[in-house]
1. Quick test of the membrane-span-like rule: which DSSP H helices of chain A reach at least 15 Å along their long axis (C-alpha atoms) with mean Kyte hydropathy at least 1.6?
2. Distance from the Cα centre of the range B:385-427 to that of the range A:185-205, in angstrom?
3. Could you tell me whether chain A comes out rounded, prolate or oblate from its Cα gyration tensor? Rule is a ≥ b ≥ c as square roots of the eigenvalues, rounded for a/c under 1.5, then prolate if a/b exceeds b/c, otherwise oblate.
4. Considering only chain B, pick the residue with its Cβ nearest the axis of the rotation onto chain A, and state the distance in whole Å.
5. For a footprinting-style exposure proxy, rank A:Glu43, A:Glu366, B:Glu37 by other Cβ within 10 Å, fewest first.
6. Quick one: check the C-alpha center-to-center distance for the range B:345-372 versus the range B:223-275, whole angstrom.
7. Given R₀ = 41 Å, FRET efficiency for A:Arg428-B:Arg397 by Cβ-Cβ distance, to 0.05?
8. Evaluate the relative contact order of chain B (contact order divided by residue number), counting alpha-carbon pairs under 8 angstrom at least 6 apart; express in whole percent.
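What follows is calculated from the coordinates using simple rules that are stated; it is not laboratory data. Note that the structure is predicted; figures quoted are calculated from it, not measured. Heads up, the Cβs are rebuilt from the backbone with ideal geometry, glycines too, and the neighbour counts pull from every protein chain shown.
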Number of protein chains: 2
Amino acid sequence: MASPPTKALNELSATEIVKRIAAGEITAEQVVAGCLERIAARESVVHAFANVDAKLALKAARELDRGPRRGALHGVPIGIKDVIDTADLPTEMGSPIYRGHRPTCDAASVALLRAAGAIILGKTVTCEFAGMTAGPTTNPHNPARTPGGSSSGSGAAVADFMLAAALGTQTGGSVLRPAAYCGVIGYKPTFGAFNRAGLKFAAESLDTIGLLARTLDDVALITSVLIGGKAAAASLGAAPRIGLCRTPLWDTAQAETKHAVEDAAARLAKAAAALRDVTLPADFAGLKTAARETINNYERSKSMAAEWASRAAEISPKLSRCIKLGMEMPHEEYLGAIALGESCRARLPDVFEGFDVLLAPCVQGEAPLGLDSTGDPGFQAIWTILHVPAMSLPTHRGPNGLPVGIQLVGHRYDDQRLFACARWIWERLAC
Amino acid sequence: MASPPTKALNELSATEIVKRIAAGEITAEQVVAGCLERIAARESVVHAFANVDAKLALKAARELDRGPRRGALHGVPIGIKDVIDTADLPTEMGSPIYRGHRPTCDAASVALLRAAGAIILGKTVTCEFAGMTAGPTTNPHNPARTPGGSSSGSGAAVADFMLAAALGTQTGGSVLRPAAYCGVIGYKPTFGAFNRAGLKFAAESLDTIGLLARTLDDVALITSVLIGGKAAAASLGAAPRIGLCRTPLWDTAQAETKHAVEDAAARLAKAAAALRDVTLPADFAGLKTAARETINNYERSKSMAAEWASRAAEISPKLSRCIKLGMEMPHEEYLGAIALGESCRARLPDVFEGFDVLLAPCVQGEAPLGLDSTGDPGFQAIWTILHVPAMSLPTHRGPNGLPVGIQLVGHRYDDQRLFACARWIWERLAC
């Protein structure tokens with residue numbers, strides 16, 4: 001993520017694009033052309049996009065260039081995960097069932113981005129219906145490795161400088177895992193913060209729209225547009241109080257993740273952060289199963305009821321299995337998992353007592369070899385079901401030189417404080 | 001709601017339809033034909049439907065008649081509020097923007113009903129985007145009065161024996177209010193219980209799909225299909241412990257509502273229910289404004305971002321005002337309302353301590369005169385934001401002979417107990 005001395009246009013951050021267009025130094029059309037060039041050069045290896053319409057994007061850019069400043073994202077090319085509706089590009093859900101599908105209307109999030117002057121450059125590859133059946137995307141650092149999922153294309157496109165930022169969605173770990181594997185910043189806000197109208201649901205009590213970008217400024221800028229307010233607290237006042245939370249899944253982490261988390265903790269403590277270990281109550285250990293097996297399968301079997309009724313043969317075996325398990329699940333089992341989530345959420349104030357932010361593992365290690373699996377969502381999913389805001393920062397590298405992220409977890413509904421902590425931490429850990 | 005000695009086919013409950021078709025006494029086609037006849041006779045006055053496709057419904061019925069039993073709702077005609085997607089009927093949202101709009105795919109709830117053998121007889125009139133701008137529907141008891149809203153057509157069609165049951169949605173009071181005004185049973189489950197894939201959002205942290213029907217058996221039957229489990233607890237064991245909760249809005253109730261609630265309380269106490277007054281904590285008084293003004297307007301302004309960007313001129317002045325207020329609202333104000341909802345929900349166990357169910361006012365009084373306003377959502381909205389399950393029972397009549405409902409409110413996620421209490425109470429109060 002080090003800035004090259006002279007950045008190509010496709011390497012500019014959203015914040016830089018907006019400033020330089022406002023200063024008359026560059027045009028939106030030039031930025032889009034730069035991104036399209038990068039895509040042309042790299043897409044045959046990375047496969048980040050389900051659909052790109054170069055003509056449409058260039059036309060949108062020229063319209064912006066002709067008019068006055070439209071908003072906070074004037075001229076910024078953004079990618080949209082292909083489970084989020086777009087009126088002018090197909091929305092194919094990573095499934096043959098939706099091949100060529102054209103929604104009538106933009107999703108709320110897309111409409112808000114466009115109204116602020118963003119250019120929707122393309123639809124990024126998603127796992128089938130934002131689940132676990134991978135698309136063709138490869139990791140830009142090494143095409144033999146997964147980019148993570150299910151926001152695979154969003155992670156790869158942003159990491160490979162094909163565009164400045166992208167929307168993703170997280171039901172288990174689908175924003176933070178590809179962000180960590182691809183080496184960019186991932187942000188899953190507090191559950192519900194970004195409006196979900198026009199999103200195809202996977203499991204609606206977990207589904208959260210999030211962002212992938214290369215700078216914290218960009219994450220804050222785009223967030224402010226989507227919420228219609230300030231994303232980040234101005235300043236923390238003092239060094240953040242950080243809880244080091246290894247989580248009950250610590251033993252599943254590889255050496256590089258353990259090192260990343262502990263090295264980050266040590267360096268932050270040295271930098272004067274108040275840092276203490278925090279242990280989650282024992283029953284939090286059940287959150288992964290509750291989120292990934294119980295709630296995910298049950299709600300999946302409902303949200304996919306229409307496709308299951310008429311097009312079951314076109315659903316992958318992996319997803320079919322989830323749906324069947326969900327359909328056969330006793331309703332009491334589902335309510336039990338919901339109750340565990342509620343109960344753990346209710347005790348979060350105790351967990352966070354005295355802390356501004358938690359530092360936790362984000363992924364087990366470097367992006368695994370192979371493209372069939374997008375990796376394990378455990379370390380991300382336990383926070384998703386808690387509805388807390390979470391961010392992954394690409395602070396470390398693993399034994400093969402691939403990115404390894406750390407995860408920062410904030411207070412529910414206090415995303416502003418998470419942003420301020422993330423900035424403080426990132427300034428001290430970024431290579 | 002008294003059963004006539006020989007019921008016409010359109011007057012049968014869903015439960016009766018299923019039994020009589022299984023017994024070979026009637027066919028699904030006959031039931032649909034009976035409902036269509038009723039619609040033909042009454043629709044010019046009631047205007048309950050946005051779309052009915054008689055041929056399609058009869059064809060579906062004949063297909064069911066030819067095959068084996070498809071499921072728990074084999075042959076039951078159901079209406080779908082016109083903000084819920086249907087693949088074979090337009091979904092017009094009560095808005096010119098969506099005139100003739102054809103979704104690709106059934107909503108999850110619709111697909112689950114169909115898979116169980118239900119026949120989607122038509123789309124019922126909704127207020128514009130499930131808001132407060134009324135459609136053409138009249139109250140079947142008196143066409144000069146509102147049927148309530150926003151599930152106006154669902155309430156009127158069920159009350160007028162045009163079909164057995166209908167789906168509605170409640171963001172403020174849009175299921176229970178039309179149920180009460182039209183004199184049928186309304187059920188808003190615990191938030192999230194019925195899958196919302198394919199529902200057009202109004203305010204997504206409040207929007208709840210619910211049911212309107214004429215019998216408790218029917219509500220339980222359809223619920224069991226939508227959740228894939230048992231709707232009602234087998235039995236309470238003992239008489240229910242009932243909390244009489246006048247709510248901070250009590251003074252806004254008209255005499256007929258005060259009488260209905262207090263008369264119900266007196267008769268239930270005589271019938272051996274343990275009945276005590278319950279007072280909500282003082283800050284619960286802020287829930288109506290939080291739900292109706294703050295959260296509703298903020299989330300509205302996001303969920304309608306696409307329509308607002310491209311078709312604002314076709315949005316009614318009333319809804320435009322909500323959207324504008326939401327767009328201009330400081331984000332902190334929204335978070336404050338969300339925090340109040342969270343805080344009150346967290347204290348519900350104290351409110352419900354020692355009670356199986358709360359008895360509360362449902363509407364201010366009889367359906368008001370005029371069709372411009374669908375009535376005040378206050379008494380319903382304070383429970384909607386609390387995410388608790390609620391049911392309206394048409395137990396009383398007002399000074400003009402129109403229905404007046406009472407409201408029963410259950411423990412969150414314990415809809416089964418609410419059903420059991422409602423049955424106990426209904427058996428003792430039904431005229």
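1. For chain A, where a helix must reach 15 Å along its axis and average at least 1.6, the hits are A:216-227.
2. Spelled out, the Cα-based centre of one part sits 33 Å from the other.
3. Oblate, because a/c is 1.5 or more while a/b does not exceed b/c.
4. Output: B:Ala346, 3.
5. Least to most surrounded, the residues fall as B:Glu37, A:Glu43, A:Glu366.
6. 9
7. 0.05
8. Reported relative contact order: 18 percent.
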